1. Closer than 20 Å to Gly71 by Cα, assigned to a loop (DSSP other than H, G, I, E, B), hydrophobic (A, V, I, L, M, F, W, C) and not assigned by TED's automatic domain parsing to the domain that holds Met154: does that describe Met181?
2. Filter region 4-28 for residues that are touching a Phe, Trp or Tyr at 6+ places or on another chain (Cβ under 8 Å) and either free of Cβ contacts under 8 Å to residues at least 12 places away in the same chain or exposed (fewer than 13 other Cβ atoms within 10 Å of the Cβ) (or both) and give the result.
3. Can you tell me which residue is nearest to the chain's Cα centre (by Cα) among those in region 219-259 that are within 23 Å of Ser87 (Cβ to Cβ) and of a type in the set (Ser, Thr, Tyr)?
4. Working carefully through the options Ile42, Ile11, find the one that is more than 28 Å from Phe258 (Cβ to Cβ), touching a His at 6+ places or on another chain (Cβ under 9 Å) and either among the aliphatic types (A, V, I, L, M) or in the same structural domain as Glu231 (by TED's automatic domain parsing) (or both).
5. Can you tell me which residue among Ala175, Ala143 is assigned by TED's automatic domain parsing to the domain that holds Ala70 and surrounded by 14 or more Cβ atoms within 10 Å (Cβ to Cβ)?
6. What do you reckon, is Arg31 surrounded by 14 or more Cβ atoms within 10 Å (Cβ to Cβ), modelled with pLDDT of 90 or more and assigned to a strand (DSSP E or B)?
7. Give me a count of the residues in region 97-129 that are under 13 Å from the mean Cα position of the chain (by Cα) and more than 12 Å from Met75 (Cβ to Cβ).
Amino acid sequence: MKIFHETRFRIPSAMENRLGVWVDRIGSDSRREDPAPRRLRILGQYAAVAIETGSGRLFMQGKAVMSLRAGDVIMLSPRQPAAYHASPVWTSRWVVWNGAEMSLWEKSGLACFKHPVIHGGDAVVTRAFRRLDELLRLEDGTAAVERKSVLMEMALGLSRLAGGKNAGRGDDLAARVAAFMEERFQEQLSVENLARRFHASSSQLRRLFKARIGWTPNEYANVIRVTKAKELLSQGMTIKEAAAQTGFDDCFYFMRVFKRVAGVTAGCFRRHVRGMA
């Protein structure tokens, strides 16, 4: 398969060069099914692509084709030839960045590109996208520093979700609790019950979970449910049905949580995905 080298790059400012990391661009898109790629692309930069709705496939040189679903994040490094496309349709957001300091990020584990697909990371990318959307309109040095801070926070959140070979005992506990919550997302799991199940104190679990996953257990439960609700709404379910299927007894409370996590109302999201069908 032919390989295409991306040549579109933003020239960083003097301040961004000194900081060592800068945002190249952000964007969002809605795609219908594309034919299988005829060529792979080497981006030449770092990118996190969040699949917000729908599904698709990821092609990487030397790797088996990987399936993608709503909630997944594709991690792209400058050197890895790759291509991805919707199957049959998806919406996505992406953040592209670069900088001399990135080699240090990779060595330290701050940025994890050994895992090309990170499940459940779309909320991390979406949060960074919204903050960068405001900061990219500003050209002062303070904004450049804040943009780097947002990138670091995003990279750390995704790295935590991906896990790592250097994870300690606390990281392992948080990862096991997170996996359990993902399997039982329809249930109302209190921190106290989770702590008892995994032989930890409530305060210890909250502290370790927040440090490892980036959210409190209650916040993470809502992220999981909203991610699943997006999938159900994109399949044609009503808001009330999606709420019930994701463990919400109160539909109005579900809509408040959905807006807080997704940044848009459930009604707007549903109309958008139905308009793509």
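1. Here the answer is no, as Met181 does not meet what is asked.
2. Gly27, the sole residue that qualifies.
3. Filtering first and then ranking leaves Thr227.
4. One residue alone meets the criteria, Ile42.
5. It is Ala143.
6. Spelling it out, it is not the case that Arg31 is surrounded by 14 or more Cβ atoms within 10 Å (Cβ to Cβ), modelled with pLDDT of 90 or more and assigned to a strand (DSSP E or B).
7. Number of matching residues: 7.
The values are calculated or read from the model by the stated rules, or taken from the named source; none is laboratory data. Just so it is clear, the structure is predicted and the values come from calculations on it, not from any experiment. Using ideal geometry, Cβ is built from the backbone for each residue, glycine included, and neighbour counts are taken over all protein chains shown.
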